[in-house]
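As structure tokens, the structure follows; a few thoughts come after it.
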Amino acid sequence: MTTEGRIRWPDGLLESYELPVTTKQFLYDVGLPQVEDSSQRFGVFPPDSDGNLVIGDEYGNPVYVQKRTGKVFAIQPITGSDGVTTARRRTLFVNSTVALLAEFVELFEGFRADPMVETDSDHAERAFRELERRMREKDPRAFSPEEEQVESTLWQLVLDDVRWQL
């Protein structure tokens, strides 16, 4: 995995966080992808009120690493049946580790960057099935909300949206 075009955390910055050593090392040494033209933005943010490490945002909502476990979650506003965003929020499971988050972002961006996805519907279907297969194989929990006791997972929502557009 290359570190070019990645957001890495400055040495020592994570020492006060209750995170697995592997999480800290990944963020120091490898970092998260810097994605152009994306709803996700990664970087160094203040911790949330529970002491979790906020590593980015998606559409302006926090993406964080849960202290002690190293699992990645996102907070998302709830939209009512009338299409209006409410003040209520829900927690979505994202990935089991930050390394898997980085891998998923790279897989998804590779799918999005494939020019044939836009022009060849058969190719798009095959590429999508391969993307989903690889994601499910690498981190099955990213598609199992009941295991994390959340309503849904971010990647399931993302892939459902892409599937609907194909």
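Just so you know, all these numbers are worked out from the coordinates, no wet-lab data involved. Bear in mind the structure is a predicted one, so any value in this text is a computation, not a measurement. Cβ: placed from backbone, ideal geometry, glycine included. Neighbour counts: every protein chain shown.
What is the magnitude of the charge dipole of the stretch 6-165 about its Cα centre, with +1 placed on the Cβ of each Lys and Arg, -1 on the Cβ of each Asp and Glu, and no other charges, expressed in debye to the nearest 20? Roughly 440 debye for the stretch 6-165. In sequence order, the stretch 118-123 has phi-based couplings of 6, 10, 10, 5, 5, 4 Hz under the Karplus curve 6.51 cos²θ - 1.76 cosθ + 1.60, θ = phi - 60°, and Gly or Pro positions carry x. Close amide H partners of V35, meaning residues 5 or more places away or on another chain with modelled amide H under 5 Å apart, are F42.
Comparing T22, T91, T119 in a Gaussian network model of the chain, where Cα atoms under 10 Å apart are tied by springs, the biggest mean-square fluctuation is seen for T119. The residues packed around M116, meaning those with a beta-carbon under 13 Å from its beta-carbon, carry a net charge of -4 if Lys and Arg are +1 and Asp and Glu are -1.
For the pair R89/V30, report the inter-label distance in nm, with labels modelled 7 Å from Cα in the Cβ direction. My value for the distance between the label points is 2.8 nm. Considering only beta bridges that DSSP places wholly inside the chain, some 90 percent are antiparallel. For the chain, adding -39500 (n - 2.57) for each run of n ≥ 4 DSSP H residues and dividing by the number of residues yields -11500 deg cm²/dmol at 222 nm. Charge tally around E151: other residues with Cβ under 14 Å, Lys/Arg +1 each, Asp/Glu -1 each, net -1. Residues whose amide H lies under 5 Å from that of G56, counting only those 5 or more places away or on a different chain, are G43, V63; hydrogens are built 1.01 Å from N in the peptide plane.
Counting residues in the stretch 1-114 as N, plug N into 2.2 N^0.38 Å and put the Cα Rg over that result. Mind showing how you got there, number by number?
Numbers: Rg = 14.6 Å, N = 114, 2.2 N^0.38 = 13.3 Å.
Compared with the compact-globule rule of thumb, the stretch 1-114 sits at 1.09.
For D50 and D11, FRET efficiency with R0 = 22 Å and r from the beta-carbon atoms, rounded to 0.05? Can you show the working numbers first?
Numbers: r = 25 Å, r/R0 = 1.12.
It comes to 0.35.
Under 5 Å from the amide H of E151 lie the amide H atoms of T91, each residue being 5 or more positions distant or on a separate chain, with H modelled from the backbone and absent for Pro and chain starts.
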